[in-house]
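Contents: one structure, followed by commentary.
Each value in this text was obtained by applying a stated rule to the coordinates, not by laboratory testing. Here the structure is a predicted model, which is why all the values come from computation and not from measurement. Quick reminder, even Gly has a Cβ in these numbers, built from the backbone with ideal geometry, and neighbours come from all protein chains shown.
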Amino acid sequence: MADNNTDVSKMPFERAIEELETIVKRLEEGKVPLEESVAIYERGEALKKRCEELLRQAEARVEKITLDSSGKPSGTAPLDVN
């Protein structure tokens with residue numbers, strides 16, 4: 001498992017999701033002592049929040065290309081996800 005001392009708030013998405021997946025597997029196996037289960041669950045919650053934050057940031061940067069009347073790219077506009 002990854003180093004539990006790593007600051008979650010500075011982790012890139014790929015590293016955070018990888019560690020979160022490892023935590024989920026360990027908890028699902030049910031072979032982790034109770035005290036450690038609580039600790040890794042809490043870290044998992046922090047990792048989940050970090051992943052959600054990074055996804056929100058990525059979505060905010062996604063733009064769609066706008067076309068002019070002749071079909072040529074004319075710029076960009078925020079992506080409407082609704």
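Put a dot 7 Å past the Cα of residue 27, heading toward its Cβ, do the same for residue 69, and the two dots end up 5.7 nm apart. Of all lysines in the structure, the ones whose alpha carbon falls short of 22 Å from that of residue 10, not counting any fewer than 8 places away in one chain, are 48, 49.
For residue 60 and residue 34, compute 0.36 nm times the residue count separating them, minus their Cα-Cα distance, and round to one decimal in nm. It would help to have the intermediate numbers written out before the result.
Values: separation 26, 0.36 × 26 = 9.36 nm, distance 3.91 nm.
Residue separation times 0.36 nm, minus the Cα-Cα distance, leaves 5.4 nm.
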